[in-house]
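Peer 1: Below is a structure I'd like to ask you about.
Nothing in this text is a laboratory measurement; each read-out follows from the coordinates by a stated rule. Since the model is a prediction, treat every value here as computed from it, not as a measurement. Don't worry about glycine lacking a Cβ; one is built from the backbone with ideal geometry, like all the others, and counts go over all protein chains shown.
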Number of protein chains: 2
Amino acid sequence: MSSKFDKIIDYAVRKGFFWQSYEIYGGQAGFYDLGSLGVLLKSNIIELWREFFVKQHQEFVVEIETPIIAPAIVFKASGHEENFTDYAVECLQCHRTFRADHLVEERLGISAEGLKAEQIEEVIRKNDIRCPVCGGPLGNVYRFLLLFQTYIGPYSPSNLAYLRPEAAQGMFINFKRVYELMKRRLPFGIAQIGKVARNEISPRQGLIRLREFTIMEIEFFYDESNPTCDLLYENCSDEYINILRAEDRAKGIDKPLPISVSEAVDEKIILSPWLAYWMCIAKKFVNALGVPNNKTYFEEKLPSERAHYSKQTFDQIVIVERWGKLEVSGHAYRHTYDLERHIEFSRADLYAIRQLKAPKIIRRSVVKYDKNAVISFFGTKAPQVFKVLASLSSEALAKIVAESKGDGVVVEGIEIPKTIFRVEDVEEKVWVEKIIPHVAEPSFGAERLLYIVLEYAYSEDGGKVIMKFPKRVAPIKVGVTPLVDREPLEGIAHRLFKELKRHYYAMYLEGDSIGKKYAQADELGIPFVVTVDYESPSKGDVTIRDRDTKKQIRVPIDGVVKVIDAGLKGVDIFSLGYPIIERVEDKE
Amino acid sequence: MSSKFDKIIDYAVRKGFFWQSYEIYGGQAGFYDLGSLGVLLKSNIIELWREFFVKQHQEFVVEIETPIIAPAIVFKASGHEENFTDYAVECLQCHRTFRADHLVEERLGISAEGLKAEQIEEVIRKNDIRCPVCGGPLGNVYRFLLLFQTYIGPYSPSNLAYLRPEAAQGMFINFKRVYELMKRRLPFGIAQIGKVARNEISPRQGLIRLREFTIMEIEFFYDESNPTCDLLYENCSDEYINILRAEDRAKGIDKPLPISVSEAVDEKIILSPWLAYWMCIAKKFVNALGVPNNKTYFEEKLPSERAHYSKQTFDQIVIVERWGKLEVSGHAYRHTYDLERHIEFSRADLYAIRQLKAPKIIRRSVVKYDKNAVISFFGTKAPQVFKVLASLSSEALAKIVAESKGDGVVVEGIEIPKTIFRVEDVEEKVWVEKIIPHVAEPSFGAERLLYIVLEYAYSEDGGKVIMKFPKRVAPIKVGVTPLVDREPLEGIAHRLFKELKRHYYAMYLEGDSIGKKYAQADELGIPFVVTVDYESPSKGDVTIRDRDTKKQIRVPIDGVVKVIDAGLKGVDIFSLGYPIIERVEDKE
């Protein structure tokens, strides 16, 4: 067989980690099913993420869950309705739709980055690019909205809804609620793990580009003037991360350079200290999944590559065999963009309170109005006028009055005589001010990490596959087997299996020879195999074999769970004082 | 405050368990957000379900994950496109839409069960039922499809897709893949936990009737002639479950009766033995969530109440204060319905193989055809004819030929001379036969269980709330606090908290007095509070307080994790041999 990628996909499908969805109906691009081992591996990856990002920071990072379906206003406010698009072009003959920029890039080997629809269309016309499937002519290039649309309740424009393309908006719109629950203390983070959907145009990269996938995100809110990130200095300042800067990329440099996290912050290479902190945690997390430091780096995006909400973005890259590099997480300095937009669209108070060290004197114009004059001028219409006036802040009203020319002031369509208003300048002493917190966002895709874990665990030994999963994420933790499939060994093994499956996902191994059983366990990446051998019935002990060293220790049966618990937590089981056996394994 | 329900909702929103989604945009009925405590509680409920339903049965129940978005063909095949509807009626004045049957039931206090659209419409006309919001006249009653619609890729009828209303279909269409992975052994179960969406018409019951919720389902496949449910007899035969039978309900009886699981199977009260097995596990699971046996029973649905796919359905009911009863799970004997439909719609082989004890002689008609005659008759069209003929099974073709009158046989629109075909009777000896497995399905909604856990945990003691969560599902496992907020007690407490949060979701308690701190912990249902007191600095130990008895034990600091681990697993911490203290707690 050919490439490592092909071997891994073949392995994964054969063992039931994943496969394309809706196979019996011809398959559906961009959708994958996870089989039993895939679910276990993914859950373990998610749990590890939760551990690194939430549980270790549980005093100030909390997880919430919000719906996948959202009324359209949410993604209008977030800017997605306007910006979350790709260029599409339809074949006029077979009516398949393609990513227009990808067609150009593939055909001509040039970058279509930053081109407008008309420009891409011109390139297509000039170079006579045609449908890659049927050779037919291509239509106009247009912007295709990548949000899945639906309706909440009956079909009606006011019921338009979208499936979320990111979990982030659920966190932004709940900022105030969580802020109150966190006793109004900044900084804090809101985490969310859940499904998102992106209506990609003709996705073709299997598990790597999905129309539906699981995202793991944190929106981290902090006071920009006082980020208080002691944690950065406590846990990360001496850590080195590899960064490929945008300014270097623009010069054609593609070699990332190591830099300490604190230096990256001090020299403003990373603009947000909390972005830097979570990048450091991201590096440690990816290491824990089996990716060494020299195989991962952060690539800063060029301004033209950044999402509409971001002031600075780093993609965390992992080197892979197939594509050279694969983005496994994005780190965006979302700044105040999202909260500002939701304040604008909802008129809700999504501010935090900053305590001032000294009071601030505020001078401002306020507008008062003569209620009796309103009543006598408007009569029965007066209540409506009061309602309109009350809906505006004093500042907003002052601005309207100041900007009005002539004798009348038009407020939401109602003309009110200027004489009714009186503008006063007032002075106030305040000890707090409202701020919009800044936001740093680390965002991971679980399915890509699943692929990464498979690629980095994959190894071969004499033609046999050994999946060297980090123990914490291995789908099946322990195998149990009798040395030979005979009594009394079998009975002991069965009882032990029954006990072990109360604690772990375990497997009772069957096979012709012990060598084949071990090979089976290695192929599934099972870290430990417990073997009941000829000495077990009389001595009440068993052996525990370590996947990576193939060495074994002899352990009393009632100590097995303790040893495996320790081993899974990272303890070297050979340091526990049990007799070590090096057996020559049956190779058949 | 009034009812227990109101108190629980008030408590849950205040503490941030959950709240209505999209509040800043006016809220959206049928959608709820979970806050931090809600996420922890729900995850623990899901983990416990996984433990009872999957992990304990891991040799033959495996979990998979399939997408929420599905091409329309899937739900056409499943019968949902045709049957998954409710009666809707729109107000002609304010254009709000309502459940027509619910309007009738609420207004007239009669059941609209089983009525057709025209009949409901007639009742509405005759009784002059009007819009409950604006009093306007109501339009026609129509069947409203409860599937959320979307499009995969560009808008086009062939790209129509639905959001799944149940996880089940993802398991059915993957039956064959998992069957192969399970080495073709029946019985086995496929489990799935994930989001589903139902476009309910004007849902109004908060967390109880959601448009988007998390389902936990098993499709359990077995050979009906040989169900081999030894487990039923091993684990459940002596267990009693409460059943309210459909035939009793039809007579107006509403008192469930206890019956042993094996008796219910033997007397065909439960038609599928595996349905009975999972009902038994469901009872134990709900018990573990804090619901005693006399507060839960299984209500058999009447034929008119059953979903289109079910031959028998039991709803698992839990008694609740607000609605009297609440359905927390459904147990459907889906029989062969779904696999049959997918075989019909996909033409895929979704059969299992049954080994026969003795060979069976099969006599059947096969059709052969003269290829040369096809070529000479059809010329260049011959390849197309071969393709059509090859797409049909020999039996299907024999049937068409046998049923054709006249000289020609019409196959998929092509007329073929009868002389080309030759029908032969053949006899075969077979040792296996193809079967469609029968299916028993237990299906739970996670959010309803979350409400149930809150209601059954809720208690008051002298005006103070104590949430008596079962320890396994309590969101926060342990609190840590110094007896007074002073050094050196505080320092020890902080270090202990740092250690404990590596293991558990923990909370550092702050407050004016130890009594208030304990009250705070009780209000959150924290099972154990570790207190650093005046003796701690010199003796190196702390006290551990048990939420339910309010008694404490003195434990060395390095033994705390072991004691809490044991306590969370259900061990009585007062049996561990540590000194027991009964302190009078500060009541302020």
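Peer 1: Near the axis that takes chain A to chain B, which A residue has its beta carbon closest, and at how many Å?
Peer 2: A:Thr150, 2
Peer 1: Near B:Lys405, which lysines are there with a Cα under 21 Å away, not counting those fewer than 8 places off in the same chain?
Peer 2: B:Lys368, B:Lys418
Peer 1: At 222 nm, what helix-only mean residue ellipticity would chain A give, in deg cm²/dmol to the nearest 500, using -39500 (n - 2.57) for each DSSP H run of four or more?
Peer 2: Working: 20 runs with 181 residues, N = 588.
About -8500 deg cm²/dmol.
Peer 1: Measuring from centroid to centroid over Cα atoms, what is the spacing of region B:273-289 and region A:209-240 in Å?
Peer 2: 43
Peer 1: Over the Cα atoms of region B:357-435, compute the convex hull volume and normalise it per residue, giving Å³. Don't jump to the answer; show the numbers that get you there.
Peer 2: On the way: hull volume 8.3 nm³, N = 79.
Once divided by residue count, the hull of region B:357-435 is 106 Å³.
Peer 1: Along the positive direction of the dipole of chain B (beta-carbon charges: Lys, Arg +1; Asp, Glu -1; about the Cα centre), which of B:Thr549, B:His438, B:Val13 reaches farthest?
Peer 2: Sorting the options by dipole projection puts first B:His438.
Peer 1: Distances from A:Phe60 to the same residue in each other copy, label points 7 Å out along Cα→Cβ, in nm, shortest first?
Peer 2: The projected label point of A:Phe60 is separated from its counterparts by 5.3 nm.
Peer 1: Another one. Please get the size of the charge dipole for chain B, origin at its Cα centre, with Cβ charges of +1 on Lys and Arg and -1 on Asp and Glu, quoted in debye to the nearest 20.
Peer 2: Details: 81 positive and 85 negative charges, 188 e Å.
Around 900 debye, computed over chain B.
Peer 1: Another question, if that's okay. Report the paramagnetic label zone for A:Ser3: residues of region A:314-332 whose backbone N is under 15 Å from a point 7 Å from Cα along the Cα-to-Cβ axis.
Peer 2: Only A:319-327 fall inside the zone, counting backbone N under 15 Å.
Peer 1: Over 31 Å between Cα atoms, which of B:Lys176/B:Lys371; A:Lys4/A:Lys501; B:Lys251/B:Lys325; B:Lys4/B:Lys471; A:Lys55/A:Lys516; A:Lys42/A:Lys295 qualify?
Peer 2: B:Lys176/B:Lys371; A:Lys4/A:Lys501; A:Lys55/A:Lys516
Peer 1: Let me ask another. Once the Cβ-Cβ distance between B:Asn83 and B:Trp323 is put in as r, and R0 is 22 Å, what FRET efficiency do you end up with, to the nearest 0.05?
Peer 2: Working: r = 26 Å, r/R0 = 1.16.
E(calc), rounded to 0.05, equals 0.30.
Peer 1: Where in region B:198-240 does the amide nitrogen come within less than 15 Å of the point 7 Å from the Cα of B:Phe345, taken along Cα to Cβ?
Peer 2: none
Peer 1: Roughly speaking, what is the stretch gain from B:Arg107 to B:Tyr142, that is 0.36 nm per residue apart minus the C-alpha to C-alpha distance, in nm to one decimal?
Peer 2: Values: separation 35, 0.36 × 35 = 12.60 nm, distance 1.89 nm.
In short, 10.7 nm is gained.
Peer 1: For B:Asp223, B:Asp533, which order do you get if you count the other beta carbons within 10 Å of each Cβ and list the fewest first?
Peer 2: Working: B:Asp223 17, B:Asp533 21.
Listed from fewest to most nearby Cβ atoms, that is B:Asp223, B:Asp533.
Peer 1: Also, quick follow-up: Between B:Cys94 and A:Lys371, what is the FRET efficiency for a Förster distance of 35 Å, r being their Cβ-Cβ separation, to the nearest 0.05? Walk me through the intermediate numbers first.
Peer 2: Details: r = 33 Å, r/R0 = 0.95.
Efficiency computed from Cβ-Cβ geometry: 0.60.
Peer 1: What are the label-to-label distances in nm, one decimal and shortest first, from A:Ala396 to the same spot in the other copies, with labels 7 Å along Cα to Cβ?
Peer 2: Here the equivalent label points are 6.5 nm apart from this one.
Peer 1: Nearest 20 debye, what's the magnitude of the dipole of the protein assembly as shown about its Cα centre given +1 on Lys and Arg Cβ and -1 on Asp and Glu Cβ?
Peer 2: Working: 162 positive and 170 negative charges, 100 e Å.
That gives the protein assembly as shown a dipole magnitude of about 480 debye.
Peer 1: What Cys residues in the protein assembly as shown are without a partner cysteine, judged by a Cβ distance under 4.7 Å?
Peer 2: A:Cys229, B:Cys229
Peer 1: Another question, if that's okay. Counting Lys +1, Arg +1, Asp -1, Glu -1, what net charge surrounds B:Pro442 among other residues with beta carbon under 10 Å of its beta carbon?
Peer 2: Values: positive: none; negative: B:Glu217, B:Glu219, B:Glu441.
Spelling it out: positives minus negatives among the neighbours equals -3.
Peer 1: Points 7 angstrom from Cα along the Cβ direction at B:Lys183 and A:Glu487: gap in nanometres?
Peer 2: Distance between the two pseudo-spin positions: 2.1 nm.
Peer 1: Give the average over all directions of the projected area of the C-alpha convex hull of the protein assembly as shown, one decimal, in nm².
Peer 2: Values: hull surface 238.2 nm².
Orientation-averaged projected area of the Cα hull: 59.6 nm².
Peer 1: What ranking do A:280-286, B:391-397 get when scored by the average of other Cβ atoms within 10 Å per residue, highest first? Kindly include the intermediate steps, with their values, before the conclusion.
Peer 2: Numbers: A:280-286: 22.3, B:391-397: 14.3.
Top of the packing list down: A:280-286, B:391-397.
Peer 1: Which whole-number percent gives the relative contact order of chain B, counting Cα pairs below 8 Å spaced six or more residues apart? Before the final figure, lay out each step's value.
Peer 2: Values: 1049 pairs, mean separation 72.5, N = 588.
Relative contact order, chain B: 12 percent.
Peer 1: Additional query: What FRET efficiency would be calculated for the residue pair A:Ser513, B:Asn293, taking the C-beta separation as r and a Förster radius of 51 Å, to the nearest 0.05?
Peer 2: Numbers: r = 50 Å, r/R0 = 0.98.
In this case the efficiency is close to 0.55.
Peer 1: Turning to a different aspect of this structure: What spacing in nm lies between the two simple spin-label points modelled at B:Tyr534 and A:Ala396, each 7 Å away from Cα in the Cβ direction?
Peer 2: Calculated label separation equals 5.9 nm.
Peer 1: By counting other Cβ atoms within 10 Å of each Cβ, how are B:Arg334, A:Arg448, B:Arg209, B:Arg14 ranked from fewest to most? Spell out each step's value before the answer.
Peer 2: Numbers: B:Arg334 23, A:Arg448 20, B:Arg209 17, B:Arg14 11.
By the 10 Å Cβ count, ascending, the order reads B:Arg14, B:Arg209, A:Arg448, B:Arg334.
Peer 1: What does a probe at B:Ala307 reach in region B:340-379, counting residues whose amide N is under 15 Å from the point 7 Å along Cα→Cβ?
Peer 2: Output list for this probe position: B:340-342.
Peer 1: Only Cα pairs under 8 Å and at least 6 apart count here; give the relative contact order of region B:431-477 as a rounded whole percent. Provide the component values of the computation, followed by the final result.
Peer 2: On the way: 20 pairs, mean separation 10.0, N = 47.
Worked out over region B:431-477, it gives 21 percent.
Peer 1: Straight-line reach from A:Lys387: which aspartates and glutamates have a Cα under 12 Å away, not including same-chain ones fewer than 8 places off?
Peer 2: A:Glu412
Peer 1: From the cross-link list B:Lys283/B:Lys360; B:Lys268/B:Lys357; A:Lys517/A:Lys569, which pairs have alpha carbons spaced over 31 Å apart?
Peer 2: Working: B:Lys283/B:Lys360 42 Å; B:Lys268/B:Lys357 27 Å; A:Lys517/A:Lys569 25 Å.
Checking Cα-Cα distances, B:Lys283/B:Lys360 exceed 31 Å.
Peer 1: So, one more: Report the dimensions of region B:476-587 along its three principal axes from the alpha-carbon atoms, largest first, rounded to Å.
Peer 2: Principal-axis extents of region B:476-587 (Cα, largest first): 33, 28, 27 Å.
Peer 1: Further question: Provide an ascending nm list, one decimal, of label-point separations from B:Arg554 to the equivalent residue in each further copy; define each label point as 7 Å from Cα along Cα→Cβ.
Peer 2: Inter-copy label distances (nm, one decimal, shortest first): 4.4.
Peer 1: Based on the mean of other Cβ atoms within 10 Å per residue, sort peptides B:55-61, B:192-198, B:161-167, B:115-121 so the most packed one is first. Could you put the intermediate results ahead of the total?
Peer 2: On the way: B:55-61: 17.1, B:192-198: 21.6, B:161-167: 24.7, B:115-121: 15.6.
Final packing ranking: B:161-167, B:192-198, B:55-61, B:115-121.
Peer 1: Based on the alpha-carbon gyration tensor of chain A and its eigenvalue square roots a ≥ b ≥ c, which shape applies: rounded if a/c is under 1.5, prolate if not and a/b is larger than b/c, or oblate?
Peer 2: Working: a/c = 2.42, a/b = 1.77, b/c = 1.37.
Prolate, since a/c reaches 1.5 and a/b exceeds b/c.
Peer 1: Could you check the spin-label model distance between A:Glu263 and A:Glu118? Points 7 Å from the Cα along Cα→Cβ, value in nm.
Peer 2: Each label point lies 7 Å from its Cα, and together they span 4.8 nm.
Peer 1: Let me ask you something else. Rank these for me by crowding, B:Val62, B:Val123, going from fewest to most other beta carbons within 10 Å. Walk me through the numbers before you get to the answer.
Peer 2: Values: B:Val62 24, B:Val123 20.
Ranking B:Val62, B:Val123 by Cβ neighbours within 10 Å, fewest first, gives B:Val123, B:Val62.
Peer 1: Report the Cα centroid-to-centroid distance between region A:415-435 and region A:336-361 in angstrom, as an integer.
Peer 2: 19
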